[in-house]
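The values are calculated or read from the model by the stated rules, or taken from the named source; none is laboratory data. Since we're looking at a predicted model, the values are computed, not measured. No Cβ is skipped: glycine too gets one built from the backbone with ideal geometry, and neighbour counts run over all protein chains shown.
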Amino acid sequence: MSCGGDHGALLISCQNDVDAVGFVEQAVTIPEVKEPVIASLTAMASTTALTGKGASLNIACYGADGSFLTNKDSGVLPSMWVRGTRPTERWTLKLVLPRGTTTVKAGVLVNGHGEARFDDVAISFTGLSGRVPDKNAMAYVNAACDTIAQHAVYKDSVDINALREVAWKLAGTDNDPVDHHLAVEYLLQALGDHHSFLLTREQYSAWEMESAPDAITFPSYRIIEGCGYVSVPGFFSGDSLTMLAFADSLQRALGKMNARGIKGWIVDLRQDDGGNMAPMVCGLGPLFDPGVLGTLTDVRGTVQRWSYGDGVYAWDGVPSLRIVEPVSLSRKLPIAVLTSSRTGSSGECTTISFIGNGRTRSFGQATFGLITGNGEFELPDGARMFMASTIMGDRNGKLFHGPIAPDEPVEQPADQGYDAALDAALKWIGAQHQVHRLPPRNESPR
């Protein structure tokens, strides 16, 4: 990776490493934010043969003591980043600075392989004084506020009417969709669940169609000390064919390792940072006891249940994803599940699916704690709020209100060459194998 600049231009070139990250930022000190302020970062940017996650602008906010407050880039979904070869165009990123902000770091970044050029990078700050919302702004914000008041898990933790008045001003007077969306992002951030987010109509359509191979990381697998090991990453796509390919790749991996006569399973969810749970759960389906695997409970107490059986992942019995030729495992082997603080959102739904499962035990560290389910709510212009509207629960009805602790907490030592959680899992499976092994023919069971 290399970075270079000339005459106000910045070129980030990632040519040597497939997953290289190039990042340049500048810190700006401002008076402490006490009332909402809009930060606007702009650049004239282009990309050349850029693969991987892509290129983005980034804004990060810090308090007077250096504490991190929040940040924003192009988004968590691959479809929200810029990839491929794109001509020079104006990029804009806006963020409402949280109270207490005294330092703003504005940056440009590339994550992948290829090049991105940034010219005329600039950041500006705008207060809300004098901004009077028009009827379009008020109607748009009201639609969002009404939905939040009805469905948000943490709706009672905020003063929705006070937030509404600020959001009106953020939405502005120019009937600008960017400002309308900024106002809704402000409302969702104020809920404090760290899970809710907004997709514009264009971003939502791209997410539904997201199927670029370089934008999706598929599971990896191998045999470790006689155990079938599979690592499940996050999955950020709504494309049905890509979902099926991901789930099918998981089941094929299980089938291949099962044919090797393994003595147990290790499911590594430590890099599963969320996205779409359907292909994760469906792909791991052969490892589950058939039936209900987990629940989502909304603010009214209504419960939805996800399940797996015979190649079908379903919600309340309605199929959502189906494997054409599902793998069937003839033996019930011990299953070790590995989790970490990076395991989040749908990764936590997948973790929950293993709770109460036969011959299963979890190892590692507590999950991230995004234990809400995001409902999908459409706004007047076709944008969607993915808002925390349900609480996750296991197959037995236990609800979770924070990080999910493993059965056996395992701290990772400084020596990164030693995987403590994996080692603990291997030892447990070994012990289980000894307990459940069949006696020799000349030996009677005791």
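In the range 270-285, the residues that are outside any helix (DSSP H, G or I) reach residues that are surrounded by fewer than 24 Cβ atoms within 10 Å (Cβ to Cβ) and of a type in the set (Ser, Thr, Tyr) with C-beta atoms within less than 6 angstrom, at least six apart or across chains, in these pairs: ARG270/SER340. Of all residues in the range 27-53, those that are not assigned by TED's automatic domain parsing to the domain that holds LEU170 have Cβ atoms under 7 Å from Cβ atoms of residues that are charged (D, E, K, R) and outside any strand (DSSP E or B), 6 or more apart or on another chain, in VAL33/ARG99; LYS34/ARG99; THR51/ASP214; GLY52/ASP19; GLY52/ASP214. Scanning the range 255-264 for residues that are assigned to a loop (DSSP other than H, G, I, E, B) and free of Cβ contacts under 8 Å to residues at least 40 places away in the same chain yields ALA259, ARG260, GLY261.
The set of residues from the range 105-158 being surrounded by 20 or more Cβ atoms within 10 Å (Cβ to Cβ), under 21 Å from LEU170 (Cα atoms) and among the aromatic types (Phe, Trp, Tyr) comprises just one member, TYR140. For ILE371, the conditions (1) modelled with pLDDT of 95 or more; (2) buried (at least 17 other Cβ atoms within 10 Å of the Cβ); (3) touching a Phe, Trp or Tyr at 6+ places or on another chain (Cβ under 8 Å) are fulfilled apart from (1). Hey, any hits in the range 412-423 for a residue that's in contact with a strand residue (DSSP E or B) (Cβ under 7 Å, 6 or more places away or on another chain), without any contact (Cβ under 8 Å) to a residue 40 or more places away in the chain and assigned by TED's automatic domain parsing to the domain that holds MET280? No, there is no match, as no residue in the range 412-423 is in contact with a strand residue (DSSP E or B) (Cβ under 7 Å, 6 or more places away or on another chain), without any contact (Cβ under 8 Å) to a residue 40 or more places away in the chain and assigned by TED's automatic domain parsing to the domain that holds MET280. Residues SER74, SER79: which one is in contact with a helix residue (DSSP H, G or I) (Cβ under 7 Å, 6 or more places away or on another chain), in a loop (DSSP other than H, G, I, E, B), modelled with pLDDT under 95 and closer than 26 Å to ARG201 by Cα? That would be SER74, the only listed residue that is in contact with a helix residue (DSSP H, G or I) (Cβ under 7 Å, 6 or more places away or on another chain), in a loop (DSSP other than H, G, I, E, B), modelled with pLDDT under 95 and closer than 26 Å to ARG201 by Cα. Summed over the range 349-368, the residues that are closer than 28 Å to ARG201 by Cβ and either assigned by TED's automatic domain parsing to the domain that holds THR147 or surrounded by fewer than 19 Cβ atoms within 10 Å (Cβ to Cβ) (or both) give a count of 0. Across the range 218-238, the number of residues qualifying as within 19 Å of the chain's Cα centre (by Cα) and either surrounded by 19 or more Cβ atoms within 10 Å (Cβ to Cβ) or within 14 Å of ALA336 (Cβ to Cβ) (or both) comes to 9.
Scanning the range 66-87 turns up one or more residues that are assigned by TED's automatic domain parsing to the domain that holds ASP119 and within 16 Å of ASP120 (Cβ to Cβ). For the range 174-197, filtered to residues that are in contact with a helix residue (DSSP H, G or I) (Cβ under 7 Å, 6 or more places away or on another chain) and polar (S, T, N, Q), the residue that is nearest to CYS349 (Cα to Cα) is SER196. Out of SER40, SER46, I need the residue that is assigned to a strand (DSSP E or B) and farther than 27 Å from GLY66 by Cα. Which one? Sole residue among the options that is assigned to a strand (DSSP E or B) and farther than 27 Å from GLY66 by Cα: SER46.
Within the range 344-373, track down each residue that is of a type outside the set (Val, Ile, Thr) and closer than 18 Å to SER307 by Cα. Across the range 344-373, the qualifying residues are SER345, SER346, GLY347, GLU348, CYS349, SER353, PHE354, GLY356, ASN357, GLY358, GLY373. Looking at the range 175-186, can you tell me whether even one residue there is surrounded by 20 or more Cβ atoms within 10 Å (Cβ to Cβ) and either of a type in the set (Ser, Thr, Tyr) or assigned by TED's automatic domain parsing to the domain that holds LEU50 (or both)? Yes, because at least one residue in the range 175-186 is surrounded by 20 or more Cβ atoms within 10 Å (Cβ to Cβ) and either of a type in the set (Ser, Thr, Tyr) or assigned by TED's automatic domain parsing to the domain that holds LEU50 (or both).
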